[in-house]
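A.B. asks: Here it is, the structure in full.
The values are calculated or read from the model by the stated rules, or taken from the named source; none is laboratory data. Keep in mind it's a predicted model, so treat the numbers as computed, not measured. Here the Cβ positions follow ideal geometry from the backbone for every residue, glycine too, while neighbour counts run over all protein chains shown.
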Amino acid sequence: MTSSEQADAAKPLPTNVRFVLITVFLDILGIGLIIPVLPRLVASYTLQADSQAYWYGAIVAIYGVMQFIFAPMIGALSDRYGRRPVLLICVFGLGLNFLLLTQVTTIYWMLLVRAIGGITAGNLSVANAYIADVSSPENRAKALGKIGAMFGLGFICGPVIGGMLGEAHIHYPFYLAAAVALANVMYGYFSLPESLPADHRKPFHISAANPFAGLRGLAHLRGVGALVWVYALTMFAQFTLQTTWVLSTELRFGWTPMQNGFSLFMVGVSSVLMQGVFLGRYIKRVGDANAVLIGLASSTVALTCYGLATQGWMMYVLILCNVLAFAAGPALQGFFSRAVDARSQGLAMGSLTALASIMSVFATLIGTSIVGQVSHFPKGSILLGAPFFLAATIQLMALTLALRHLKK
């Protein structure tokens, strides 16, 4: 990196970025509120631990399927009509989805409500495109890291509050999440400026918004190559971890929503430390490529250790030791964003979201099925860590591909 590029990277982010970052924070806060209690809401309609795991997997997977189908379309619509209106509509849909979840009376209605919610789940891809609009190519990884930091802040506050409320009543976190999302819409309506000038917009073509076409487009981006597979495998590993974490910790350690909320609080702290505080200086020092490689290596080791842990307190320690893993995602996204022109950022970020979504579907169905299969083993059995061993294996594959691509 030249001295001028380093100077650009060291500049503070544009003022209007703060608006979209607060919007993302409120969005993730709402999602974080329901994470510790959603498995228990599913369990209230099921009888056995294995059926709880399977139905929870189906409910998370259908959300991912709908997100996969519609995220590129939402990104492309933001390329045509601007980021602001599309983002606000998506956040409104998220709040409505939270509210409807408090009214369902059967597992089948819950499945339908989550499917509808997945349609408007492309808001984060629009937020990423917004950040790409207002940041320079050299500053983009740092800027996208701020999105990750907002994830972390949302997970610091959301799961802890959700866990506490869930102890009182299973529906309270959903009511609060709905209120937060709808307040977010009001905040964005009055405070969020448009980031995409009219002369930078492009016509909307439904064929270009096809998720499979978007994925093919990612694969042909200049200089990206195998990084598409690295991103896909990384997302698979991370979603395996995320969708089995609460089920697994309840099964292995008997954790309550409060304890799971605190563990996700620790994830949020690690994320904010890396992506919100140290990322710019860290990437400036080691470079994007090394940030990806070190992050994937750290994650592979941590996932293996999660599976081997025999006491709940070990999970907290491992979360804090895995802080370098949180640099890999923004650094990877930076490679993709720099390979796309300004008129196609929304479609590119939507395609990445679609790729992550389809990986979440496979990871959820496979991971929760594994939890269901091992749920009958006694506490202390190493087989209970099977979902984490699978995630570690997939992450190792991603690391191997990244090493070959970035070091050639």
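A.B. asks: Which members of the stretch 134-164 meet the condition of being closer than 25 Å to Gln103 by Cβ and surrounded by fewer than 23 Cβ atoms within 10 Å (Cβ to Cβ)?
C.D. replies: Ile161, Met164, listed by residue number.
A.B. asks: Here's something else I'd like to know. Within the stretch 75-174, considering only helices (runs of 4 or more DSSP H) that don't extend past its boundaries, which have at least 3 residues that are under 12 Å from Asp27 (Cβ atoms)?
C.D. replies: 83-101, 123-133, 140-168
A.B. asks: Same structure again: In this structure, does Leu355 turn out to be at pLDDT below 90 and not β-branched (Val, Ile, Thr)?
C.D. replies: Criteria met by Leu355.
A.B. asks: In addition: Taking the stretch 230-272, which residues are of a type in the set (Ser, Thr, Tyr) and not in a helix (DSSP H, G or I)?
C.D. replies: Hit for the stretch 230-272 is Thr256, nothing else.
A.B. asks: Also, quick follow-up: Quick check: anything in the stretch 70-79 among the charged types (D, E, K, R) and either crowded, with 24+ Cβ neighbours inside 10 Å or modelled with pLDDT of 85 or more (or both)?
C.D. replies: Yes, the stretch 70-79 contains a residue that is among the charged types (D, E, K, R) and either crowded, with 24+ Cβ neighbours inside 10 Å or modelled with pLDDT of 85 or more (or both).
A.B. asks: Considering only the stretch 103-129, how many residues are over 16 Å from Leu332 (Cβ atoms), at pLDDT below 85 and among the hydroxyl-bearing types (Ser, Thr, Tyr)?
C.D. replies: Result for the stretch 103-129: 1.
A.B. asks: Name the residue, out of Leu111, Leu99, that is surrounded by fewer than 24 Cβ atoms within 10 Å (Cβ to Cβ), more than 29 Å from Glu194 (Cα to Cα) and either in contact with a helix residue (DSSP H, G or I) (Cβ under 7 Å, 6 or more places away or on another chain) or small (Gly, Ala, Ser) (or both).
C.D. replies: Leu111
A.B. asks: Something else about it: Say whether the condition of being among the aliphatic types (A, V, I, L, M) and not in a helix (DSSP H, G or I) is met by at least one residue in the stretch 304-314.
C.D. replies: Yes, the stretch 304-314 contains a residue that is among the aliphatic types (A, V, I, L, M) and not in a helix (DSSP H, G or I).
A.B. asks: Continuing with this model, one more query. Please enumerate the residues belonging to the stretch 1-54 that are more than 20 Å from Gly166 (Cα to Cα), at pLDDT 65 or above and assigned to a helix (DSSP H, G or I).
C.D. replies: Within the stretch 1-54, Val17, Arg18, Phe19, Val20, Leu21, Ile22, Thr23, Val24, Phe25, Asp50, Ser51, Tyr54 qualify.
A.B. asks: Looking only at the stretch 208-229, decide whether some residue is at pLDDT 80 or above and either assigned to a loop (DSSP other than H, G, I, E, B) or small (Gly, Ala, Ser) (or both).
C.D. replies: Kept after step one, since they are at pLDDT 80 or above, are these residues of the stretch 208-229: 227-229.
Subset that is either assigned to a loop (DSSP other than H, G, I, E, B) or small (Gly, Ala, Ser) (or both): none.
Within the stretch 208-229, none of the residues are at pLDDT 80 or above and either assigned to a loop (DSSP other than H, G, I, E, B) or small (Gly, Ala, Ser) (or both).
A.B. asks: Restricting to the stretch 369-408, give me the number of residues that are of a type in the set (Ser, Thr, Tyr), touching a residue at least 60 places away in the same chain (Cβ under 8 Å) and not in a helix (DSSP H, G or I).
C.D. replies: Residues that pass the stated criteria total 1.
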